[in-house]
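Coordinate-derived values only; no laboratory data. Remember, it's a predicted structure, so these values are computed and weren't measured experimentally. All Cβ positions, glycine included, derive from the backbone under ideal geometry; neighbour counts span all protein chains shown.
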Amino acid sequence: MFDLLRAEARKAAELIMRHDFIRIFAHYDVDGISASAVLATSLLRAGKPFHISYVRNPASDELEYSSDELVIFQDMGSGYPEVISSINADIIVIDHHFPYGKATPTRTFVHVNPHLAGLDGSFELSGSGTAYFVASELGENHDLSTIALLGIIGDKQQITAGNAQIVKEGLERGFIEERKGLNMISGKLKDVLWLSTEPYLGFNEPAEVDEFLEDISLSGDIELDELDEESEEKLANAIAIRLLGNNAYEGVFEQFIGRKYWLRHELVNNAFMLSEIVNACGRVSEHSVGFALCMRDESYLHRAYEIWMRFQSEVVEEIRKRRAEVQEGECIRYLIMERAPTTGPIASALSRCLFSDRPLIVVNIKNSIAKVSARSNARIAEKIDLAAVMRMAAEKVGGTGGGHSVAAGATVPPERVEEFIKEVDRLCYEFASV
Ligand SMILES: [Mn+2]
């Protein structure tokens with residue numbers, strides 16, 4: 001099943017072994033960071049020196065290399081044929097994004113991408129997973145299955161096809177363990193409940209968390225990862241009841257109740273937690289700290305944890321504040337923000353865990369552009385296709401829109417946001433009443 005992928009990964013490994021110095025450009029998110037760590041560890045073991053830079057956009061960021069080095073793009077590149085064509089060096093792209101256009105490379109070019117090997121890179125293999133296939137051709141690197149898993153989790157992929165193969169190899173050799181229980185962040189119960197965004201539990205005051213824990217007779221100072229089975233079950237039930245009372249979408253439950261992955265030899269054992277910490281490092285431009293954790297350098301653990309804590313507190317605070325600003329339309333809910341730091345995580349948490357019965361439209365006005373995130377769920381999507389709604393409503397006000405039926409987006413002129421929202425509401429009403 002993975003023959004084509006392995007064959008291309010082998011070509012990449014052979015090209016790597018022909019070079020003395022590797023210049024790596026990786027995407028700055030958790031998938032890109034863990035992908036770079038998978039490759040870096042396998043390069044160290046193969047005795048190959050390298051340099052890594054984290055990049056937001058390969059088309060506009062400056063890429064420094066010399067023509068006798070090997071250039072490797074990770075978790076990006078497949079969508080930038082003009083960049084690949086412009087590189088005057090041997091080049092490898094290790095990516096899982098859909099390959100667009102046709103590159104005309106001037107030197108040797110190897111392209112490792114699940115889409116080119118019969119796999120769907122949007123959910124069957126991450127950038128870190130693709131890097132793992134290359135690492136496997138460079139030597140005995142099964143222990144890196146744990147680091148590859150971080151990108152799989154961070155990109156919200158499924159444990160299927162290529163990803164499932166990686167987890168299987170990690171499980172068989174004892175690097176990964178599958179445990180029953182709550183798949184949430186780690187920490188003391190009072191912190192976990194207060195800071196969690198997956199799921200978001202809607203506590204407005206720390207005192208509400210204390211009360212919640214008192215009701216089920218659990219101390220807030222116990223570590224979630226150290227709960228016995230009976231207590232964990234009690235907690236899971238109480239969380240489920242709270243989410244139902246908060247009007248959460250039923251699909252939220254299967255994500256955090258059931259199983260979690262435990263990484264036996266990593267600095268943070270809870271795979272979801274480690275993925276969240278590396279994600280936070282990437283979000284606040286502390287890539288090297290996230291990378292160091294993936295390289296198992298314990299001296300960075302404290303700093304990484306502090307970065308995560310600050311980042312997560314800010315996100316939760318933002319959700320808490322914005323919740324009260326959500327407005328009611330006829331058929332939708334909407335939120336209009338100015339210069340908010342992020343829109344995606346706020347829109348997802350609010351629509352999944354608090355306002356799941358109607359589409360939620362979140363607008364962020366920043367630098368004289370209004371960016372729109374629209375969210376719903378499979379139940380609503382049976383009637384309302386948000387991608388079509390975003391496209392039609394945006395076109396009406398001189399913008400553009402599209403996406404998926406449950407998660408779509410648009411860009412519209414700020415002065416026409418009000419008109420846009422009215423049109424979205426009208427279209428949703430029309431769809432819903434068919
Ligand atoms: Mn990715």
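Within the chain, which is the longest segment containing none of the GluC sites (Glu not before Pro) that sit in a DSSP loop and have at most 11 other Cβ atoms within 10 Å? Working shown, then result.
Working: sites that count: Glu62, Glu64, Glu140, Glu325, Glu330, Glu382.
Free of exposed loop sites, the longest segment is 141-324.
Report the one residue of Val316, Ile222, Ser351 whose Cα lies farthest in the direction of the positive end of the charge dipole of the chain (charges on C-beta: Lys and Arg +1, Asp and Glu -1; origin at the Cα centre).
The residue sitting most towards the positive pole is Ser351.
Among rounded, prolate and oblate, which fits segment 225-267 when a ≥ b ≥ c are the square roots of the eigenvalues of its C-alpha gyration tensor, a/c under 1.5 means rounded, and a/b larger than b/c means prolate? Write out the running numbers ahead of the final one.
Details: a/c = 3.25, a/b = 1.69, b/c = 1.92.
Note, shape of segment 225-267 comes out oblate.
Gain in length, Asp357 to Lys383, computed as 0.36 nm per residue apart minus the alpha-carbon separation, to one decimal in nm? Provide the component values of the computation, followed by the final result.
On the way: separation 26, 0.36 × 26 = 9.36 nm, distance 1.24 nm.
Length gained, Asp357 through Lys383: 8.1 nm.
Label Asp61 and Ile216 with points 7 Å out from Cα along Cα→Cβ: what is the distance between them in nm?
For the pair Asp61/Ile216, the computed spacing is 4.0 nm.
Quick check for you: which residues of segment 237-257 have the amide N under 20 Å from the point 7 Å beyond the Cα of His404 toward its beta carbon?
248-257, by backbone N distance to the label point.
Normalised by the residues of the chain, what does the relative contact order come to in percent, with Cα pairs under 8 Å and at least six apart?
Numbers: 861 pairs, mean separation 48.8, N = 434.
Relative contact order here is 11 percent.
Between segment 1-28 and segment 128-170, how many Å separate their Cα centres?
A separation of 15 Å, based on Cα centres.
Using a 10 Å Cβ count of at most 13 others and DSSP loop calls, identify the longest part of the chain lacking such chymotrypsin sites (Phe, Trp or Tyr not before Pro). Let's see the in-between values first.
Details: sites that count: Phe21, Tyr100.
With chymotrypsin sites (Phe, Trp or Tyr not before Pro) excluded where exposed in loops, the chain gives 101-434 as its longest stretch.
Label Glu250 and Glu306 with points 7 Å out from Cα along Cα→Cβ: what is the distance between them in nm?
The two pseudo-label positions are separated by 4.6 nm.
Place a label point 7 angstrom from the Cα of Glu205 along the Cα-to-Cβ direction, then list the residues of segment 306-349 whose backbone nitrogen is under 20 Å away.
316-325
Provide the packing ranking of 368-380, 150-162, i.e. peptides ordered by the mean count of other C-beta atoms within 10 Å per residue, highest first. Can you show the working numbers first?
On the way: 368-380: 20.4, 150-162: 23.2.
Averaged packing, sorted descending, gives the order 150-162, 368-380.
7 Å from Cα along Cα→Cβ at both Thr104 and Glu178: what's the point-to-point distance in nm?
Result: 4.9 nm between the two label points.
May I ask you to derive the relative contact order of segment 3-175, considering only C-alpha pairs under 8 Å and at least 6 residues apart, and to give it as an integer percent?
Values: 379 pairs, mean separation 43.6, N = 173.
25 percent.
At a Förster distance of 56 Å, what's the computed FRET efficiency of Leu44 paired with Arg416, Cβ-Cβ distance as r, to 0.05? Before the final figure, lay out each step's value.
Values: r = 54 Å, r/R0 = 0.96.
Computed FRET efficiency for Leu44 and Arg416: 0.55.
Which of Val38, Val389 has the fewest other C-beta atoms within 10 Å, and how do the rest follow up to the most? Display every interim value, and only then the final one.
Details: Val38 31, Val389 27.
Going from sparsest to densest Cβ surroundings: Val389, Val38.
To the nearest 20 debye, what is the magnitude of the charge dipole of segment 3-175 about its Cα centre, counting +1 on the Cβ of each Lys and Arg and -1 on the Cβ of each Asp and Glu? Walk me through the numbers on the way to the answer.
Values: 13 positive and 23 negative charges, 41 e Å.
Computed about the Cα centre, the dipole is about 200 debye.
Here is the link list: Lys190/Lys260; Lys260/Lys383; Lys102/Lys366. Which ones come out longer than 30 Å on Cα distance? Intermediate results must be reported in sequence, preceding the final value.
Numbers: Lys190/Lys260 20 Å; Lys260/Lys383 33 Å; Lys102/Lys366 34 Å.
Too far apart for the 30 Å limit: Lys260/Lys383; Lys102/Lys366.
Of the beta bridges DSSP finds with both residues in segment 280-428, what % are antiparallel, to the nearest 5?
Working: 19 of 25 bridges.
Here the share of antiparallel DSSP bridges comes out near 75 percent.
Looking at segment 297-362, which trypsin sites (Lys or Arg not before Pro) are in a loop (DSSP not H, G, I, E or B) and have at most 11 other Cβ atoms within 10 Å? Provide the component values of the computation, followed by the final result.
Numbers: sites: Arg303, Arg310, Arg320, Lys321, Arg322, Arg323, Arg333, Arg339, Arg352; in loops: Arg339.
In loop regions of segment 297-362 (DSSP not H, G, I, E or B), the sparsely surrounded trypsin sites (Lys or Arg not before Pro) are Arg339.
Taking H as built 1.01 Å from N, whose amide H comes closer than 5 Å to the amide H of Gly121, not counting residues under 5 places away?
His115
As I understand it, the dipole of the chain uses +1 on the Cβ of Lys and Arg and -1 on the Cβ of Asp and Glu, about the Cα centre. Which of Ile159, Ser126, Thr197 lies farthest toward its positive end?
Looking along the dipole axis, the top candidate is Ser126.
Quickly estimate the mean residue ellipticity at 222 nm for the chain, helices only: each DSSP H run with n ≥ 4 gives -39500 (n - 2.57), and the total goes over all residues, rounded to 500. Don't skip to the answer; put the middle values down first.
Values: 17 runs with 194 residues, N = 434.
Roughly -13500 deg cm²/dmol at 222 nm, from the helical runs in the chain.
Residue separation times 0.36 nm, minus the C-alpha to C-alpha distance between His51 and Ile369: what's the value?
Details: separation 318, 0.36 × 318 = 114.48 nm, distance 3.65 nm.
Fully extending the segment from His51 to Ile369 adds 110.8 nm.
Using +1 on the beta carbon of Lys and Arg, -1 on that of Asp and Glu, and nothing else charged, what's the dipole of the chain about the Cα centre, debye to 20?
On the way: 44 positive and 67 negative charges, 221 e Å.
With Lys and Arg at +1 and Asp and Glu at -1, about 1060 debye.
May I ask you to derive the relative contact order of segment 325-432, considering only C-alpha pairs under 8 Å and at least 6 residues apart, and to give it as an integer percent?
On the way: 225 pairs, mean separation 25.6, N = 108.
Once divided by the residue count of segment 325-432, the mean separation gives 24 percent.
Short version: what are the Cα gyration tensor semi-axes of the chain, square root of 5 times each eigenvalue, largest first, in whole Å?
Values: eigenvalues 271, 172, 69 Å².
Values for the chain, descending: 37, 29, 19 Å.
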